[in-house]
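Enquirer: If you scroll down you'll find the structure; I have some questions about it.
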Amino acid sequence: MTTLKDALSRSLPMPNHHLSSLRPIRWFIGALCAIVLLCCTLPVNAAPVGEKYTKQYAPPPSYSNAELKNQDFSGQNLRVAEFSNANLNGTNFANADLTGAVLSASTMVETNLQGADLTQSMMDQVKMTRTNLQDAVLVNAILLRTTFDHPKITGADFTDAILDGAQIRQLCKTADGVNSKTGISTRESLGCLS
């Protein structure tokens, strides 16, 4: 006859002396699983490295505080480039793409911005003297505290540009023409009274 003590002793597990020999195998399987998981979590299409990647994701050029007198940037893609506090006297930006560029506190004496796209650019506190803005697009540009001394603005589009009242009155004195890219008249874009 089986006693309760005998039944319990048969149902309890035996000491695991034989499992200690399995430790190296368990470690190997664990390490193998970790390697497989690591490899499976890497992206299949990793980001490209090299020349194509650096061209596509290169930071914008920075010319802040630079001496750029009489330089030629005509026709260049200078989107979101930085030219703050730069000397841009005599610099040629004709037909350049300066969308979102920062030109804050720069000096522009006889600078050529004819046909340039300055959409959403920061041009606050710029000192402009005889600057050529003919046919330039300054849509949504920030021009607060910028001084305009005899600018050429025929055909410039200032639609939604941020200017103060004194700047607008000054620019309206010589505003004329229609922008060739946007079809907006300079006087209309400035909100000049007839």
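Enquirer: Just for segment 130-158: of the residues that are more than 22 Å from the chain's Cα centre (by Cα) and of a type in the set (Val, Ile, Thr), which one is nearest to Ser74 (Cα to Cα)?
Expert: Thr131
Enquirer: A further question on this structure: Does Thr159 qualify as being in a loop (DSSP other than H, G, I, E, B), touching a residue at least 24 places away in the same chain (Cβ under 8 Å) and either surrounded by fewer than 17 Cβ atoms within 10 Å (Cβ to Cβ) or not aromatic (Phe, Trp, Tyr) (or both)?
Expert: yes
Enquirer: When segment 137-156 is examined, which residues are found to be out of contact with any Asp or Glu (no Cβ under 8 Å at 6 or more places or on another chain) and either touching a residue at least 60 places away in the same chain (Cβ under 8 Å) or on the phi < 0 side of the Ramachandran plot (or both)?
Expert: Within segment 137-156, Ala141, Thr147, Phe148, Asp149, Pro151, Lys152, Ile153 meet the criteria.
Enquirer: Of all residues in segment 42-95, how many are assigned to a loop (DSSP other than H, G, I, E, B), modelled with pLDDT of 75 or more and not polar (S, T, N, Q)?
Expert: Adding up the residues that qualify gives 20.
Enquirer: Return the residue satisfying two criteria in turn: it lies in segment 176-194 and is more than 9 Å from Asp157 (Cα to Cα) and touching a Ser or Thr at 6+ places or on another chain (Cβ under 9 Å), and of such residues it is surrounded by the fewest Cβ atoms within 10 Å (Cβ to Cβ).
Expert: Asp176
Enquirer: Same structure again: Those residues that are touching a Pro at 6+ places or on another chain (Cβ under 7 Å) and surrounded by 19 or more Cβ atoms within 10 Å (Cβ to Cβ), I need them from segment 79-105; list them, please.
Expert: Correct list: Ala81, Glu82.
Enquirer: Another one. Determine, yes or no, whether Lys152 is of a type in the set (D, E, K, R) and farther than 25 Å from Val80 by Cβ.
Expert: Criteria met by Lys152.
Enquirer: Taking only pairs six or more apart or across chains, which ones have beta-carbon atoms under 7 Å, a first residue in segment 173-194 that is free of Cβ contacts under 8 Å to residues at least 40 places away in the same chain and over 15 Å from Leu118 (Cβ atoms), and a second residue that is of a type in the set (D, E, K, R) and surrounded by 15 or more Cβ atoms within 10 Å (Cβ to Cβ)?
Expert: Partner pairs satisfying both residue conditions: Ala175/Arg187; Asp176/Arg187.
Enquirer: Can you pull out every residue in segment 105-133 that is of a type in the set (A, V, I, L, M, F, W, C) and farther than 14 Å from Pro151 by Cα?
Expert: Of everything in segment 105-133, those that are of a type in the set (A, V, I, L, M, F, W, C) and farther than 14 Å from Pro151 by Cα turn out to be Ala105, Ala116, Leu118, Met122, Met123.
Enquirer: Specify the residue that is surrounded by the most Cβ atoms within 10 Å (Cβ to Cβ); the eligible residues are those in segment 111-120 that are over 16 Å from the mean Cα position of the chain (by Cα), not hydrophobic (A, V, I, L, M, F, W, C) and not in a strand (DSSP E or B).
Expert: Per the criteria, the residue is Thr111.
Enquirer: Can you confirm whether Met108 is part of a strand (DSSP E or B), in contact with a Pro (Cβ under 7 Å, 6 or more places away or on another chain), in contact (Cβ under 8 Å) with a residue 12 or more places away in the chain and not polar (S, T, N, Q)?
Expert: So Met108 fails the test.
The values are calculated or read from the model by the stated rules, or taken from the named source; none is laboratory data. Here the structure is a predicted model, which is why all the values come from computation and not from measurement. Virtual Cβ from ideal backbone geometry, glycine too; neighbours counted across all protein chains shown.
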